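Laboratory data are not the source of any read-out in this text; all were calculated from the coordinates shown. Keep in mind that this is a model prediction, so the values were computed, not measured. Cβ placement follows ideal geometry from the backbone for every residue including glycine, while neighbour counts extend to all protein chains displayed.
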Amino acid sequence: MQDSEAALKVQMLGGFNVTYKDKTVSFGRNNMAKSIQLFQIMMINMEKGIGKRTLVEALYGRDEVENGNSSLNNTIFRLRRQLETAGLPEDPYIEIKSGVCTWSKNIPVWIDVLEFEELVDKAEKTSDLNEKTSLYMRACALYRGEFLPIMIGEEWATVANVAYQEMYFKCLREVSELLKQQREYEKVYQLCTTAAQIYPFEEWQILRIDSLIAMNRYKEAMEVYEEATKMFFDELGLTPSKKMLERFQAMSGHIQLPVGSLTDIKEEIQEDCHEEGAYYCTFPSFIDNYRLVSRMMERNGISSFLMLCTLTDSTGRPLEKTEKTREVSERFQMAVRRSLRRGDLYTRYSPCQFLLLLSGTNQENCSVISRRIDKTFKEEGGGRNKIRYLVTSVVDMKEHEADRLSFSNVTWN
């Protein structure tokens with residue numbers, strides 16, 4: 001049914017809102033009440049109805065099925081009274097015939113999830129690409145968020161939420177491909193930006209970046225990349241994937257700055273202040289620095305070492321991602337800055353792991369450095385936590401098997 005034709009309108013994607021003749025219908029303060037759940041379940045089963053036994057199980061659980069008839073009748077009565085109090089006309093609303101519960105047809109109802117399903121179904125069936133694109137876009141516009149987020153703890157709502165989410169993802173993938181074929185990159189970007197706000201998954205962030213790259217908006221694409229990779233790392237402890245790094249490389253080669261003098265450029269790229277200790281950089285920058293150092297070693301022969309530091313508890317188990325781990329990591333970074341030289345680099349690889357690039361040193365000094373970090377880490381308040389070290393030469397280790405050394409707190413690769 002069209003939105004404009006319905007007196008009763010129900011929104012369940014991204015929240016729960018009911019209006020009757022453009023006035024909000026209030027169900028009271030208890031959003032989890034059985035009468036509200038009954039109404040919601042009937043709405044998503046508007047077309048075919050729902051078996052009485054299935055409805056009782058959804059509302060009261062399998063253990064209450066035997067006593068469910070009286071409970072269901074009482075809930076139907078409460079719902080009817082709530083709707084009439086909210087200004088809806090007198091009506092049975094729910095009819096039970098042959099063991100199936102159906103919603104009354106006396107009041108026209110528009111339901112966002114049913115229109116969403118209908119639009120996706122029509123889009124899948126039509127062979128007209130323009131019509132298919134239009135239908136998919138309308139469906140995406142209806143998806144304002146997860147299905148009844150406040151009800152996710154209820155099994156029936158969780159099942160429905162997963163189904164609508166999968167439908168939305170499929171819809172978004174299909175319409176993105178169609179729009180890319182039509183070179184409608186701005187529309188892809190807008191659709192995926194909305195999707196990323198609801199589900200900040202890598203798939204939608206990559207589509208956003210690709211769309212901006214296709215429109216030669218490299219600076220904006222880089223901003224999306226930096227925002228996404230920071231979020232993935234801070235929230236999930238994930239470093240940039242191979243796909244993300246590929247986008248980073250593609251963008252880096254196209255970002256153009258205004259023409260400037262050598263003096264202006266030098267002032268812009270140098271550090272704002274003279275800070276002591278090791279230099280922190282993002283993981284993609286660390287990769288570039290590592291590769292540069294590898295090349296420089298071929299020419300000048302200065303030895304460099306890669307050190308992986310893993311933060312562990314007192315028993316040697318890697319720290320899990322918690323707020324406490326965040327605090328320990330900050331103390332470790334302070335220890336690294338104090339313990340290393342200005343010419344050394346470090347980056348965060350995971351919530352409890354850091355990579356250090358040590359230049360102009362040797363194997364013996366790596367052990368000295370690790371002990372210095374341990375000492376400083378304790379001074380910074382590292383507590384009973386420990387650091388596990390794994391060290392390898394930047395030069396291919398196959399060339400230096402005979403030069404391996406073993407220290408009590410350092411493992412060599």
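Highest first, please rank the peptides 12-22, 307-317 by the mean number of other Cβ atoms sitting within 10 Å of their residues. It would help to have the intermediate numbers written out before the result.
Numbers: 12-22: 16.8, 307-317: 15.3.
Ranked by mean Cβ neighbours within 10 Å, highest first: 12-22, 307-317.
Would you mind giving the average projected area, over all directions, of the Cα convex hull of the range 170-255 in nm² with one decimal? List each step's numbers first, then the result.
Numbers: hull surface 21.2 nm².
Mean shadow area of the hull around the Cα atoms is 5.3 nm².
Along its three principal axes, how long is the range 268-392 when you only count alpha carbons? Whole Å, largest extent first please.
43, 36, 23
Find the relative contact order for the range 183-251 and round it to a whole percent, using C-alpha pairs within less than 8 Å whose residues are 6+ positions apart. It would help to have the intermediate numbers written out before the result.
Numbers: 60 pairs, mean separation 19.5, N = 69.
Rounded, it is 28 percent for the range 183-251.
Please find the FRET efficiency linking Glu246 to Arg299, where r is the Cβ-Cβ separation and R0 is fixed at 25 Å, and quote it to the nearest 0.05. Please list the in-between numbers first.
Numbers: r = 28 Å, r/R0 = 1.13.
Plugging the Cβ-Cβ distance into 1/(1 + (r/R0)^6) gives 0.30.
With no solvent and one point per C-alpha, what does the Debye sum give as log10 I(q)/I(0) for the chain at q = 0.11 Å⁻¹?
-0.94
Which peptide among 377-390, 327-340 comes first, and what is the full order, when sorted by highest mean count of other Cβ atoms within 10 Å?
Working: 377-390: 16.6, 327-340: 19.3.
Final packing ranking: 327-340, 377-390.
Could you tell me the relative contact order of the range 117-209? Use alpha-carbon pairs under 8 Å, at least six residues apart, and round to a whole percent. Don't skip to the answer; put the middle values down first.
Values: 73 pairs, mean separation 21.1, N = 93.
Taking the mean separation of contacting Cα pairs over the length of the range 117-209, I get 23 percent.
Grab the DSSP H runs of the chain that are 4 residues or longer, score each as -39,500 (n - 2.57), total them, divide by all residues and round the 222 nm result to the nearest 500 deg cm²/dmol. If you can, show how the numbers build up before the last one.
On the way: 14 runs with 205 residues, N = 413.
Rounded to the nearest 500, it is -16000 deg cm²/dmol.
Could you give the length gained by full extension between Gln190 and Asn31, i.e. 0.36 nm per residue of separation minus their alpha carbon distance, to one decimal place? Walk me through the intermediate numbers first.
Working: separation 159, 0.36 × 159 = 57.24 nm, distance 3.25 nm.
The span from Gln190 to Asn31 would gain 54.0 nm if fully extended.
Counting every Cα pair in the range 53-192, what percent are over 19 Å apart? Show your work: numbers first, answer last.
Working: 6313 of 9730 pairs.
Result: 65 percent of Cα pairs exceed 19 Å.
Packing-wise, with mean Cβ within 10 Å as the measure, how do 110-123, 282-295 rank, highest first?
110-123, 282-295
Suppose a student asked you for the relative contact order of the range 322-367, using Cα pairs under 8 Å spaced at least 6 residues apart; what percent would you report?
29
Could you go through the range 7-18 in sequence order and give the Karplus-derived ³J(HN,Hα) for each residue, using 6.51 cos²θ - 1.76 cosθ + 1.60 with θ = phi - 60°, rounded to whole Hz, and x for Gly and Pro?
7, 9, 10, 10, 10, 10, 9, x, x, 10, 8, 10
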